[in-house]
1. Going residue by residue through region 364-376, is there one that turns out to be surrounded by fewer than 13 Cβ atoms within 10 Å (Cβ to Cβ), closer than 27 Å to VAL168 by Cβ and under 29 Å from the mean Cα position of the chain (by Cα)?
2. Taking the criterion of being in contact with a helix residue (DSSP H, G or I) (Cβ under 7 Å, 6 or more places away or on another chain) and not in a helix (DSSP H, G or I), would at least one residue in region 411-419 satisfy it?
3. Within region 480-539, can you find the residues that are closer than 19 Å to PHE400 by Cβ, crowded, with 19+ Cβ neighbours inside 10 Å and of a type in the set (S, T, N, Q)?
4. ARG258 fails exactly one of the following numbered conditions: (1) surrounded by fewer than 18 Cβ atoms within 10 Å (Cβ to Cβ); (2) within 28 Å of ALA114 (Cβ to Cβ); (3) without any contact (Cβ under 8 Å) to a residue 60 or more places away in the chain; (4) basic (Lys, Arg). What is the number of that condition?
5. Please go through region 67-90 and give me each residue that is in contact (Cβ under 8 Å) with a residue 60 or more places away in the chain and either acidic (Asp, Glu) or surrounded by fewer than 17 Cβ atoms within 10 Å (Cβ to Cβ) (or both), ordered by number.
6. Mind telling me which of the residues LEU502, LEU482 ends up being outside the structural domain of ILE55 (by TED's automatic domain parsing) and touching a residue at least 60 places away in the same chain (Cβ under 8 Å)?
7. Examine region 462-472 for a residue that is part of a loop (DSSP other than H, G, I, E, B) and not assigned by TED's automatic domain parsing to the domain that holds GLN362, and state whether such a residue exists.
Amino acid sequence: MYFLSKPKLFESLNFDNRFISELPGDPETTNTRRQVMRSCYSPVQPKQVTRPELIAYSPELAEALGLSPEACKTADFAQVFSGNRLLPGMSPYAMCYGGHQFGNWAGQLGDGRAINLGEIVNEAGKRWALQLKGAGPTPYSRTADGLAVLRSSIREFLCSEAMYHLGVPTTRALSLILTGEQVVRDMFYDGHPKQEAGAVVCRVAPSFTRFGNFQLPASRGEVDVLRQLLDFTIRTDFPHLGKPSKETYLIWFAEVCRLTAEMVVHWMRVGFVHGVMNTDNMSILGLTIDYGPYGWLEDYDPDWTPNTTDANGRRYRFGNQPAIAHWNLYQLANAIHPLIEDVPALEKILGDYLKIYEQSQQSMMAQKLGLEGFDPETDEALIEELLEVLQIAETDMSLFYRNLAKVQTDIDDLNTIDNVQLLKPLMDAYYEPERLSDAVSARTADWLRTYIRRLKRDGQPDKLRRERMNAVNPLYVLRNYLAQLAIDKSEQGDHSMVKELLDLLKHPYDEQAGKESYAKKRPDWARHRAGCSMLSCSS
Ligand code: AMP
Ligand code: MG
């Protein structure tokens, strides 16, 4: 249902829906589940909901889009961003894509519960696509309902904005709205379905195109559709690359590899585990996309994954993310190959990904340690040993780096100083500090001695080093149990913690008075609680 004219407070939203005006679409407009051939999207209407209620919105993003705080607080805002009413200029559609899920080709997937409202161009000329997640069924919903529940919507809303403020490339989230509907979910697919509150998040990104958008037409031999999509993507999202041609396609692919490498390096820096790095969840802009069973490392464990659906193979565990990104890029290379037909050139770019990743990872680690730069002579071994030391006792990753920044370098008797004394600044990063064995303490203290000597070689003042480290090592992250506490409260009708976390996570690197408890280690009760350490794809 459209507004007859645009409400005054929304007049600044200028729609320019290029994705549908320039790309081939599905002639059918119903949401009957079907295979959609030779199309990049299907027109579809969001589902009407009974009682849309705004829980929270992101003021910074609203401002970037040209929406005033007054506009965001109106009843019209909740109507529009729940999908109940459309603004003139909106033209809703679901995107058509395929993907590899857990390493297997899954064929057509598509936006099963995401509906794009359209693209706006803001005052500064920047393009943003607006997308509702959980706004009802589409031709791609397969056997599911196209809806989303409150718990997963809170997780997506908070984490998108938290990642943005951490400096991690990500899709954004404008709003979190309750629909007033009940949705049935079996959280662990174990025969215990229950009714949960339905919600819709409005996601925002320059583009929601995924690797899978290229894979699907390629898998069907629709080379002309593939070419149209790639040319469109270059024109719209990578205009600096110039006119589409075989050479441009290769440069584009190299750019996607670089953006992807940079995104994963950021994930490794902040301790983020995506949880479902299927190729349909990989953005061509190198944005973190599709916040499902993601999680944050608490104790440093490269084998950890929050996703119970992946508990056996642990394909998407923290430490495997760089390799999976490479594998996914390989699939993208296969998809665009018919347009390029130059295997060695594509392989060369894929090889370069590994080098780019390694270099950025080294310089990221040097920054985390407060070094002037990465010196391969010494720092490779220093970092390798650190990543071992972090695993020999249960160590909170975020707190460890914050505490490391507090270490003083002006110790004269570095060789003779007692281990216990030396390790003091680090102790509260340990989950069981009283149980550190002598052997663990000795190995950690040895590492610390090497580290301090390395710092002395740089000769930076401690204070400066500390500031630099604290600017890349976050103090506040969306710890899994914090998100769950906010969810528990919201499910009881109290949304204050969602708003509090949204505010807190705007400044993840700064100590905030009164908020100390949010920087603390995961409490013991959260160790094995559903939602805190175990999540599934059911959302
Ligand atoms: P994901 O693992 O969340 O990226 O989802 C994989 C595929 O399942 C995508 O095509 C989604 O659109 C679809 N999907 C996930 N949940 C739902 C749902 N509740 N209703 C319809 N489609 C869904
Ligand atoms: Mg997805």
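1. Yes: one or more hits.
2. Scanning region 411-419, I find at least one residue that is in contact with a helix residue (DSSP H, G or I) (Cβ under 7 Å, 6 or more places away or on another chain) and not in a helix (DSSP H, G or I), so the answer is yes.
3. The answer is ASN480, and nothing else.
4. Going through the list (1) surrounded by fewer than 18 Cβ atoms within 10 Å (Cβ to Cβ); (2) within 28 Å of ALA114 (Cβ to Cβ); (3) without any contact (Cβ under 8 Å) to a residue 60 or more places away in the chain; (4) basic (Lys, Arg), ARG258 breaks only (3).
5. The answer is GLU70, THR74, ASP76, PRO88.
6. Details: LEU482 fails: touching a residue at least 60 places away in the same chain (Cβ under 8 Å).
Exactly one of LEU502, LEU482 is outside the structural domain of ILE55 (by TED's automatic domain parsing) and touching a residue at least 60 places away in the same chain (Cβ under 8 Å), namely LEU502.
7. Yes, region 462-472 contains at least one residue that is part of a loop (DSSP other than H, G, I, E, B) and not assigned by TED's automatic domain parsing to the domain that holds GLN362.
Conditions (1) within 16 Å of ligand 2 (Cβ to nearest atom); (2) basic (Lys, Arg); (3) modelled with pLDDT of 95 or more, marked per residue:
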| position | (1), (2), (3) |
| --- | --- |
| LEU241 | no, no, yes |
| TRP252 | no, no, yes |
| ALA261 | no, no, yes |
| MET268 | no, no, yes |
| VAL276 | yes, no, yes |
| ASN281 | yes, no, yes |
| ASP299 | no, no, yes |
| ASN307 | yes, no, no |
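The values are calculated or read from the model by the stated rules, or taken from the named source; none is laboratory data. It should be emphasised that the depicted structure is a prediction, and the values quoted were computed from it without experimental measurement. Note that each Cβ is placed from the backbone with ideal geometry, even for glycine, and that neighbours are counted across all protein chains shown. All accessible areas refer to the heavy atoms of the entire protein, side chains included, with ligands and DNA or RNA removed. Shrake-Rupley method; radii C 1.70, N 1.55, O 1.52, S 1.80 Å.
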